[in-house]
Amino acid sequence: MVLLRVRVMLNCIAMMLIRIRVVPACLDAVLQKLSGPLWQDADAVILSDFIAQRLPETLVKRVRDHQSQQLQRFHAIAMSDHGKPGIMRIFDHIWRFDTGLKSRLLRRWKR
C-alpha cells in the first residue's frame, strides 16, 4: 500500500515537471485514488507552483465533495509566490516555499 502511494506521488511530480495541464491532471489522479476503499482515511498533499489555467468546475466540485462527505483534507505546498488564487482556494492549508535567491540567502545566513 505504501508503494502504491509513492507511485501516485511520483506520477504527480512527473506531471508537474512536464507542465501539461499539470494541476488538473494531478488532482484528478489523486481524487481517483482517494475514492478507493484503501484511501478513505487519507489526505492529499499537492506540490506545485500552481501557475496553471483555471480548474474545471467539475474538478472543484469533486474536491469539495471529498472535503465535505469523506472528510479528506487537501494541502498545498506552493513553490512560487505567483500561484493563481483561484486554484489555491480549494486547499485546506497552504504552505509557501519560496525558492528565490533572496530567500535562499536568508535561510543560509540564519544557519
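Name the lysines eligible as straight-distance cross-link partners of LYS84: C-alpha to C-alpha under 20 Å, and not fewer than 8 places from it in the same chain.
Straight-distance partners of LYS84: LYS61.
Amide H of ARG96: which non-local residues (sequence gap of 5 or more, or other chain) have their own amide H closer than 5 Å, using H built in the peptide plane?
Sorted by chain and number, the residues that satisfy this are ALA78.
Any read-out appearing in this document is the output of simple, stated calculations on the displayed coordinates, not a laboratory observation. Quantities reported herein were computed from a predicted structural model and do not represent experimental measurements.
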